[in-house]
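Read the structure below first, then the notes.
The values are calculated or read from the model by the stated rules, or taken from the named source; none is laboratory data. As the structure is a computational prediction, the values presented were derived from the model and not from experiment. Neighbour counts run over all protein chains shown; Cβ positions are idealised from the backbone, glycine included. Calculation scope for accessible area: heavy atoms of the full protein, side chains included, ligands and nucleic acids excluded. Shrake-Rupley method; radii C 1.70, N 1.55, O 1.52, S 1.80 Å.
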Amino acid sequence: MARVSQEHLDARRRQILDGAARCFARNGFHATSMQDVLTEVGLSAGAVYRYFSGKEELIAANAAEAFTKIRAAFAEAADTTPPPTPDVLLGHVLGHVLQEEIPGGDRQAYARLILQVWSETLRNEELFQTLSDGYHGMRAAWGLLVDAYRESGMMAADVPADRVARTLIATAQGYIAQQALFGDVRVEVVQDGLRGLMSMRSQSAS
């Protein structure tokens, strides 16, 4: 029997992950069955269960992958001199993760899926751990970016880097929540809003 290449295994895993994400975004987490996923990807149960033990593992894998992409974008930005300002960086990351690579192409459905994942962590310890690891990884990446801002003279050093990082993460989470609840929240809205806030000057500085 011919040996299956790693490229083939990776491509099959990618096919299953993308198909599951489309199902979850379209139907919701609880309304999607593993049979729905099998139908979506056009594979047998044995082929899918070779890679994933069930629906919760598929959700965890998609969540972990999204955090990996976001952390990579932040780390790359921290290595740029000067680093991109928060409005540019958040616009790039949110646009990449929540617009350019959405399975099925429905931004609001995908944002709603993310909210479902957040709520699912209240009962699923494994998924909570995945989300917690991703969150702390993002805080660390943002902390490095804040350090880069300070080294380039773009930001004062009077506020702890982790507090800035958590605030920026909250901005991204708020964007996702608005997209899920109301739809049609363009990345430009976040960018313009941040740019406006960043333009403020305190009276003492004038």
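GNM remark for the chain: springs join alpha carbons under 10 Å apart, and the peak mean-square fluctuation among Thr171, Thr32, Thr81 falls on Thr81. Converting phi to 3J(HN,Hα) with the Karplus coefficients 6.51, -1.76 and 1.60 and the offset θ = phi - 60°, the stretch 22-29 yields 4, 5, 5, 5, 7, 10, x, 5 Hz in sequence order, with x at every glycine or proline. Mind checking the angle between helix 187-198 and the chain's longest principal axis? C-alpha axes, 0 to 90 degrees, to the nearest 10. The angle comes out at about 20 degrees. When Phe67, Phe182, Phe24 are compared by accessible area at a 1.4 angstrom probe, the order from most to least is Phe182, Phe67, Phe24. Ranking His136, His30 by solvent-accessible area of protein heavy atoms (1.4 Å probe, all protein chains present), from largest to smallest, gives His30, His136. Taking packing as the residue-averaged number of other Cβ atoms within 10 angstrom, the listed peptides 82-93, 152-163 run from highest to lowest as 82-93, 152-163. Applied to the stretch 106-112, the Karplus parametrisation 6.51 cos²θ - 1.76 cosθ + 1.60 on θ = phi - 60° returns per-residue 3J(HN,Hα) values of 9, 5, 5, 5, 5, 5, 5 Hz, with x for Gly and Pro.
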